[in-house]
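Below is one structure, written out as structure tokens; comments come after it.
The values are calculated or read from the model by the stated rules, or taken from the named source; none is laboratory data. All values derive from a computational prediction rather than experimental measurement. Using ideal geometry, Cβ is built from the backbone for each residue, glycine included, and neighbour counts are taken over all protein chains shown.
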Amino acid sequence: MRGLRARRLRAALMQTAVLAAAVVTALMLPLAASAADWKSVTPASSDGRTQIMVDRKTLSYHRATDETPVRFVVEGPTRVKVLTRLRFPTSVTGAMDYTVAVALDGAPHAVHELSTESAGPNATYLALEMFSPGKLRRFYIDVPTGRHAFDLTAGGGTTVDVRVFEKADRVPKRVSLAPRSYAGVETLLTRDNELTYYLATASEPVVLEVSGPTAVKVNARLIFDSGMIGEHSYMLGVASQGDETIYRLESRASTALTCRDRGDVLPGALRTFELPVPEGRHTFVFRLAGGQGRELALKFYIPRGDVANGS
């Protein structure tokens, strides 16, 4: 039902967006990078290991339950890929739904809703005759700068076997920054990627702390609801040390992205600018300062070489 609402909303919003679609597609081309290499991450703890034979190859999975999560620690910024297989009783036929909850440094971060069916003869447990592995399902986690602990917990009394991988392709020139506070988190989906944005409203700003000298790249996307058709202007206020700069921006609903957890809204097309940061530690407050929209999604990047500023 959520997907149906999103499709209907997209059809209404996109009636006059042919030109914007071409512009946004061009903006999104850098995301279509070549397939990344991945390196295995060994969890710090889990409910135990499970051996699964897949196409005559034995693979080691780590078991997550609703009481004992799979915990792993990684250094960001990076991207993590999680492979999951639901543990199927052999008596069950057809599809089964399951969830995997993600906690970041002890706080709830996301819940992934998945559906699968038995993998059949293509994958088998080596020591569990009463169960069969589900077909492979995966999701991704964007890890902010710094060292972070993640917990993966199976929901609804299920058992999920997981493998964890960290992205190991070339080092990016820019790295993402996580703000200190925000109104909420919005996960945006492209065709093959997930992007974590932070929400600002008129009353609940996004607060970012950063050490200069550097330049913060700010990615902004207005959140469109069902009443917002066509192009809309909005104002983004950025305050620091008592002074506020107002950025006047325009946007249409994106044709390339959707909101993963909400089917009744759509992200706007990307608008970006750079924010110079002088030497020293600075706090910036980002708020939606005007326009019809009620929420603004923000994402921040700095050059990789500036991450250690002030340390």
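Looking at A289, A269 in this structure, which one is under 26 Å from R174 (Cα atoms), among the small types (G, A, S) and in contact (Cβ under 8 Å) with a residue 12 or more places away in the chain?
Just a single option satisfies the conditions, and that option is A269.
Could you list all residues from the stretch 47-72 that are surrounded by 12 or more Cβ atoms within 10 Å (Cβ to Cβ), at pLDDT below 95 and either closer than 30 Å to S251 by Cβ or polar (S, T, N, Q) (or both)?
T50, Q51, S60
Would you call S211 over 18 Å from T272 (Cα atoms) and in a strand (DSSP E or B)?
When the stated conditions are applied, S211 passes them.
Cβ-Cβ under 8 Å, sequence separation 6+ or interchain: first residue in the stretch 223-241 and in the same structural domain as P276 (by TED's automatic domain parsing) and without any contact (Cβ under 8 Å) to a residue 24 or more places away in the chain, partner surrounded by 16 or more Cβ atoms within 10 Å (Cβ to Cβ) and among the small types (G, A, S). Which pairs?
Taking only residues 6 or more apart or on different chains, not a single pair turns up.
What's the total number of residues in the stretch 182-221 that are among the aliphatic types (A, V, I, L, M) and out of contact with any Asp or Glu (no Cβ under 8 Å at 6 or more places or on another chain)?
Number of matching residues: 8.
Please indicate, with yes or no, whether at least one residue in the stretch 276-289 is outside any loop (DSSP other than H, G, I, E, B), within 20 Å of A202 (Cβ to Cβ) and in contact with a Lys or Arg (Cβ under 9 Å, 6 or more places away or on another chain).
There is at least one residue in the stretch 276-289 that is outside any loop (DSSP other than H, G, I, E, B), within 20 Å of A202 (Cβ to Cβ) and in contact with a Lys or Arg (Cβ under 9 Å, 6 or more places away or on another chain).
Scan the stretch 96-136 for residues that are under 27 Å from V73 (Cα atoms) and polar (S, T, N, Q) and jot them down.
Result: T99, S115.
Please specify each residue of the stretch 199-208 satisfying the condition of being assigned to a loop (DSSP other than H, G, I, E, B) and crowded, with 16+ Cβ neighbours inside 10 Å.
Those that are assigned to a loop (DSSP other than H, G, I, E, B) and crowded, with 16+ Cβ neighbours inside 10 Å: T201, A202, P205.
If you scan the stretch 181-198, which residues turn out to be at pLDDT 95 or above and not in a strand (DSSP E or B)?
Y182, A183
Got at least one residue in the stretch 117-134 being under 17 Å from the mean Cα position of the chain (by Cα), surrounded by 14 or more Cβ atoms within 10 Å (Cβ to Cβ) and of a type in the set (V, I, T)?
Among the residues of the stretch 117-134, not one is under 17 Å from the mean Cα position of the chain (by Cα), surrounded by 14 or more Cβ atoms within 10 Å (Cβ to Cβ) and of a type in the set (V, I, T), which makes the answer no.
Out of the residues in the stretch 259-283 meeting the condition of being surrounded by 20 or more Cβ atoms within 10 Å (Cβ to Cβ) and out of contact with any Asp or Glu (no Cβ under 8 Å at 6 or more places or on another chain), tell me which one is farthest from M235 (Cα to Cα).
Looking at residues that are surrounded by 20 or more Cβ atoms within 10 Å (Cβ to Cβ) and out of contact with any Asp or Glu (no Cβ under 8 Å at 6 or more places or on another chain), I get V277.
Examine the stretch 234-241 for a residue that is buried (at least 21 other Cβ atoms within 10 Å of the Cβ), in a loop (DSSP other than H, G, I, E, B) and of a type in the set (A, V, I, L, M), and state whether such a residue exists.
No, that holds for no residue.
Which condition number in (1) at pLDDT below 95; (2) part of a strand (DSSP E or B); (3) surrounded by fewer than 17 Cβ atoms within 10 Å (Cβ to Cβ) is the one that N219 fails?
Among (1) at pLDDT below 95; (2) part of a strand (DSSP E or B); (3) surrounded by fewer than 17 Cβ atoms within 10 Å (Cβ to Cβ), the lone unmet condition for N219 is (1).
With the requirement that a residue be modelled with pLDDT of 90 or more and surrounded by fewer than 22 Cβ atoms within 10 Å (Cβ to Cβ), what does the stretch 247-257 give you?
Across the stretch 247-257, the qualifying residues are Y247, R248, L249, E250.
One residue is enough: does the stretch 92-113 have a residue meeting the conditions at pLDDT below 90 and among the hydrophobic types (A, V, I, L, M, F, W, C)?
yes
Quick check on A44: is it hydrophobic (A, V, I, L, M, F, W, C) and crowded, with 16+ Cβ neighbours inside 10 Å?
So A44 does not fit the description; no.
Which numbered condition trips up H112, out of (1) surrounded by fewer than 15 Cβ atoms within 10 Å (Cβ to Cβ); (2) under 21 Å from G184 (Cα atoms); (3) touching a strand residue (DSSP E or B) at 6+ places or on another chain (Cβ under 7 Å)?
(1)
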